[in-house]
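Each reported figure results from applying straightforward, stated rules to the coordinates on display, with no laboratory input. On a predicted model such as this, the values are computed, not experimentally measured, just so you know. When we count neighbours, we look across all protein chains shown, and the Cβ atoms used for this are built from the backbone with ideal geometry, even at glycine.
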Amino acid sequence: MTKKFFAILFLIIIIGLVGYLIYNREKSAEIANETKFHPAKYYKKLSNKMVQCNLCPNRCILSEGQIGVCKAKKNIDGELYSMVYGNLASVYVDPIEKKPFFHVLPGSRAFSIATTGCNLRCLYCQNWQIAQVFPWDVQTQEATPEEVVQAAIQSNSQSIAFTYSEPIIFYEYMLDIAKLAKEKGLKTVVVSAGYINPEPLRELLQYIDAYKIDFKGFSEEFYREFIGGHLQPVLDAMKIVKNSNTWLEIVNLLIPGENDSEEEIRGMAKWIKENLGDEVPLHFSRFHPMYKLQNLPPTPNETVIRAREIAIEEGLKYVYTGNIVYPEGESTYCPESNEIAIQRQGHFVTKNNLKNGQCPSGEKIPGIWE
């Protein structure tokens, strides 16, 4: 046998050994991580150690060892566990207007957190680096609910915002934090696509002050093709939030040529007025090419401005624009007198004429003002 043969054989053995060591290291890490996983809520045990998650409309049926669509729940020995509880992928202190909430504590700071994962597959995901990955794909930091609440207090934030990825997939973590936050006098706000089943949503809302839903588009076809979900569960979720004691705001990101027709915008505005009322704030936001939709152009400013005009024509009182420079669409107006109640520039309040939610003319504007 030649030296070349032995060299190749030696190389194969080395590669195999390295592969074995890596596999065992990853397997050991996986087992170690599983000991830290947190029991999940809202699931049903099936036969042969299978489970069905009932947290969101996906209702994933998982065999032993299988992970859900959300990349956050795993079947371990016939029990469902959260893989993201206590593992933060993003932590920032933001202006509450960035969420955007325009009728919640104007000018205040929101301690904003997220884990990895999402139960939808938006082709234009704005936070895909954490929303469309597994927990081990990015660096995270461990934090107990108590530590999150304490950090929020130390940051002089008035609220904790569950945001960035999809808070529904870290439901158990969010719920525990929200309960503690209420005890400490902090407000809690959720920024979500609203793709959640009624029972867990109603439990969560007992501890949430404000809920913003990203209303992706007013058609089932758009939800199936671009979002990886269905429209009706989101409509149901918005009704549940509106009928609770939790404040609701809605955002619609306008995608050129896909969900921005005047017919669809008008239909959405009519539905909101008829089912949620004319005082629910609606934000229209400009799309920027992102993730798997980088082939599309940004939304023209005129489209966003026209969407606001249509919604106002349909009787909605508080309609805003986002991701464009348009002062008229950034400010809150007293509906009868048309006086400026709150003037904004970008994510910042430049003037607040409200006193306890009341205009100088005496008109009351709904929201959370203190």
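Some notes on this structure:
- By the rule of a C-alpha distance below 17 Å, with chain neighbours fewer than 8 residues away ignored, the aspartates and glutamates paired with LYS45 are GLU64, ASP77, GLU79.
- Of the peptides 58-66, 232-240, the ranking by mean beta-carbon count within 10 Å, highest at the top, reads 232-240, 58-66.
- Label-to-label distance, TYR291 versus PHE348, with points set 7 angstrom from Cα along the beta-carbon direction: 3.1 nm.
- Compared with the direct C-alpha span, the chain from GLU279 to LYS364 gains 29.5 nm at full extension, assuming 0.36 nm per residue.
- Using 0.36 nm per residue and subtracting the Cα-Cα separation, the extra length available between ARG202 and ASP236 on full extension is 11.1 nm.
- Highest average packing first - 100-109, 165-174, 130-139, Cβ atoms within 10 Å: 165-174, 100-109, 130-139
- Segment GLU339-TYR92, extension gain: residue separation times 0.36 nm, minus the distance between their alpha carbons: 85.6 nm
- Unit Cα scatterers, Debye sum, the stretch 35-83: log10 I(q)/I(0) for q = 0.17, 0.32 Å⁻¹: -0.37, -1.37
- When Rg and Dmax are taken over the Cα atoms of the stretch 219-268, they come to 12.3, 36 Å.
- All alpha carbon pair distances within the chain were sorted into 10 Å bins beginning at 0; the resulting P(r) in whole percents reads 5, 22, 31, 23, 10, 5, 3, 1, 0, 0.
- Mean-position separation - Cα centroids, the stretch 126-159 and the stretch 259-289, in angstrom: 31
- Annotation: aspartates and glutamates with alpha-carbon distance below 15 angstrom to LYS179 (same-chain offsets under eight excluded): GLU146, GLU147, GLU203, ASP209.
- Taking 15 Å as the cut-off, the amide N atoms of the stretch 200-220 that come nearer than this to a point 7 Å along the Cα-to-beta-carbon line of LYS182 belong to 200-211.
- Residue-count net charge about ILE342 - beta-carbon cut-off 11 Å; Lys, Arg +1, Asp, Glu -1: -1
- Taking a Cβ cut-off of under 12 Å around ILE213, the surrounding Lys, Arg, Asp and Glu residues balance to a net charge of +1, with basic ones at +1 and acidic ones at -1.
- Ranked packing of 283-289, 111-117, 343-349, 202-208, most packed first, by mean Cβ within 10 Å: 111-117, 283-289, 202-208, 343-349
- Of all DSSP-defined beta bridges confined to the chain, some 50% are antiparallel rather than parallel.
- Calculated FRET efficiency, HIS38 to VAL133, Cβ-Cβ distance, R0 = 30 Å: about 0.95 to the nearest 0.05.
- Intensity falloff of the stretch 52-121 expressed as log10 I(q)/I(0), Debye formula with alpha-carbon point scatterers, at q = 0.13, 0.27 Å⁻¹: -0.53, -1.11
- In the chain, helical runs assigned H by DSSP with n ≥ 4 each contribute -39500 (n - 2.57); averaged across all residues and rounded to the nearest 500, the mean residue ellipticity at 222 nm is -9000 deg cm²/dmol.
- Relative contact order for the chain: 12 percent, from Cα pairs under 8 Å spaced at least 6 residues apart, divided by residue count.
- Once C-alpha pairs closer than 8 Å and six or more residues apart are averaged by separation and normalised to the residue number of the stretch 35-83, the relative contact order reads 35 percent.
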